[in-house]
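Read through the structure below, which is laid out as structure tokens, and then see the notes.
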């Protein structure tokens, strides 16, 4: 049986780790246990997972139990997930960045019997709240050396595997029998979305929800066993879990786990991926570094670069019209060899395409990478939809859109512009939260909360979040997300929050790109003791003001920002200003920075 026919995730595991798999002894998963990447075979994957699964059985875990998992991306995350699901139990993944308080809420709300953590920091978060967790029976720590106290409720990952290995000798077919009991309609996972306000909500997804999305994605994305992935987005988020894990495994691809977000540039050169899932921020930073490098070159080299980009744009435009003028093709090939190939080599040199999700990708950014010879396919989805609703294809894409609906997924636009979705990938509801479930699931349709429309070619366009629309005092509705994305295309702007609901005009809170400010200040001999001080310099204010004036030419008068405040620090997860998926908590930010906001309107 092919992995592409698996109906449940345990069934996928069973197929991949069958001795009949011709790649049984080949490496497919790679991780840096030391300083270099080491490969893990399907055979080792089976042994590690099976031992851990039976170890969980020895701790009393049965079908339907919930187990929380808090860890960075690593093989043990995968072993734990497959072990839990193969027992018919339910994985409750959490972001490692969650506070102890949020973790306590999730563990209690989900009724988790156990929790798996990777390191000392996460263990300490659990120990801090364990007295309030009446249902929690055990804690498993992946890094054995990080166990800080002795307890009959704390085990190392290895200890649990040893328990399982002993049990496996007595019951060699136990796990296979348990896997047969798992039905596609059984709950697979409960994923708590951080949300922009209020307590997290537990999204209930079945095996069918997720595997239907995997199969639909593999119908439209040409992913094969020859592909190599670099995984850096958190596996606890459904986007990476579905795409860079379940879909990649189903296709038989190899997966490398990045050491950290900061190490991605280095790991790209080591893994040399052919496919990678990402969020727009990675592309923004990549673009910024390319431009900074160009601007540090001689005038002659700068001229060559910008001429190359200009030629590339002409070539891409002609190619899309089915035209290949000989002179233009030769010029583009020359510039590709001189300029673009060197830039592509920073991604490892063999990237076929990126998949972008999680936030809006600026159209200009997608077009720039296309000129470089790097395709970015933007998609759209929610945790509640397992997650993909729509996506651009390698042979059918349009920047500024999120593509067309996946096979089997219906999408329609409500009278008020809200995007509604229906299909086998739509969640069962929010765990123990009937009110919130009924608010978003109506007659089988998921009310996404996003505003959008279809263009004349059937591509879906997201214009904003329904609840984020601003209404100025003159009655004009403004969608902040496209405007914020536009301003963030500036190399001098890192984060941007638009203000203006019930106001006479729009204003903004801006977090500058401090590295770019430092370079500008050094070049223009602007004195400073620390880079944060630059936000108070009139020369820097004027710089940002000029940038905004140029950018705002694309906006209608009522969409233009009349005043702004530069912040000397970034919005952070620790301060509650952004969610773990890097979305701004708009209401919280407006309340936290109220004095600064009011100051921008006080003169009027």
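Quick note: the coordinates plus some simple rules give every number you see, no bench work behind them. The model shown is predicted, which means the values in this text are computed figures rather than measured ones. Here Cβ is always computed from backbone atoms with ideal geometry, including for glycine, and neighbour counts include all displayed protein chains.
Worth a mention:
- Taking every Cα-Cα distance in the stretch 469-599 and sorting them into 10 Å bins from zero, the calculated P(r) comes out as 12, 43, 35, 10, 1 percent.
- The modelled label-to-label distance for the pair residue 596/residue 569, using points 7 Å beyond Cα in the direction of Cβ, is 1.0 nm.
- Sites residue 515 and residue 185 - FRET efficiency at Förster radius 45 Å, r taken between beta-carbons, to 0.05: 0.35
- The angle between the Cα long axis of helix 100-110 and the main principal axis of the chain comes to about 50°, on a 0 to 90 degree scale.
- Here the simple spin-label model places points 7 Å from the Cα toward Cβ, and for residue 226 and residue 119 these points are separated by 3.8 nm.
- Alpha-carbon geometry of the stretch 425-522: the Rg and the Dmax are 18.6, 60 Å, given in that order.
- Take every DSSP beta bridge whose two residues both sit in the stretch 469-599; close to 65 percent of them are antiparallel.
- Cβ-Cβ FRET estimate between residue 26 and residue 170, R0 fixed at 41 Å, reported to 0.05: 0.85
- Contour excess over end-to-end distance, with Cα ends at residue 502 and residue 158 and 0.36 nm allotted per residue: 118.1 nm
- Cα-based helix-to-principal-axis angle, 75-86 vs the chain, degrees rounded to 10: 60 degrees
- Pairwise FRET efficiency - residue 2 versus residue 295, Cβ, R0 = 56 Å, nearest 0.05: 0.65
- For the stretch 228-305 and the stretch 103-134, distance of Cα centres in Å: 32 Å
- Using the empirical formula 2.2 N^0.38 Å as the baseline, the Cα radius of gyration of the chain reaches a ratio of 1.00.
- For the chain, the longest principal axis of the alpha carbon atoms and the long axis of helix 120-129 meet at an angle near 80°.
- Cα convex hull volume per residue for the stretch 403-445 (Å³): 85 Å³
- Extension gain from residue 199 to residue 304, taking 0.36 nm per residue of separation minus the Cα-Cα distance: 32.5 nm
- Label-point gap, in nm, between residue 436 and residue 474 - each point 7 angstrom along Cα→Cβ: 3.8 nm
- Rounded to 5, percent antiparallel among DSSP beta bridges of the chain: 55 percent
- Classified by the C-alpha gyration tensor, the stretch 351-493 has an oblate form. Its axis ratio a/c, with a ≥ b ≥ c, is 1.5 or above, and a/b does not exceed b/c.
- Segment residue 453-residue 41, length gained on full extension (0.36 nm per residue, minus Cα span): 143.8 nm
- The distance from the alpha carbon centre of the stretch 460-539 to that of the stretch 573-604 is 12 Å, rounded to a whole number.
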